[in-house]
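Undergrad: Please find one structure pasted underneath; my questions will follow.
A short reminder: the numbers here are calculations on the coordinates, not readings from a lab. Being a predicted model, the structure only gives us computed values, none of them experimental.
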């Protein structure tokens, strides 16, 4: 598996993965930094932004369902710049919450009514160093 910086030519593959992963946040990478994980095809992506010089917020992390449980998401997390890393995850997305906890993230609190379609709270998480 190879992780690289995303480029505009990757947008169609990002959209394809989002269509296959409706449980993922539907952030598009336009205007943000993003990473692409690929082997023979694009397997997943991670969209992020700097919120402070030493702080990153993950906006979206999604993996092609055919490539899940193969280390794609972990490889993307490991490729992030070294910084304090935060994210929000749907309260109902137990698989993602479990993955983030196993990856070293801890829950900090809840943002009520953060998501729409359906309206739902978000668990705010931070990567523990």
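Undergrad: If you average the alpha carbon positions of region 88-105 and of region 32-48, how far apart do those two centres end up, in angstrom?
TA: Spelled out, the Cα-based centre of one part sits 19 Å from the other.
Undergrad: Let me ask something additional. Report the dimensions of region 28-93 along its three principal axes from the alpha-carbon atoms, largest first, rounded to Å.
TA: Cα spread of region 28-93 along its principal axes, largest to smallest: 34, 29, 22 Å.
Undergrad: Return the ratio Rg/(2.2 N^0.38 Å) for region 57-129, where Rg is computed over Cα atoms only. List each step's numbers first, then the result.
TA: Numbers: Rg = 12.4 Å, N = 73, 2.2 N^0.38 = 11.2 Å.
Normalised by 2.2 N^0.38 Å, the Cα Rg of region 57-129 equals 1.10.
Undergrad: Another one. For q = 0.14 Å⁻¹, what log10 I(q)/I(0) does the chain give under the Debye formula with an equal point scatterer on each alpha carbon and no solvent?
TA: Those come out to -0.58, one per q.
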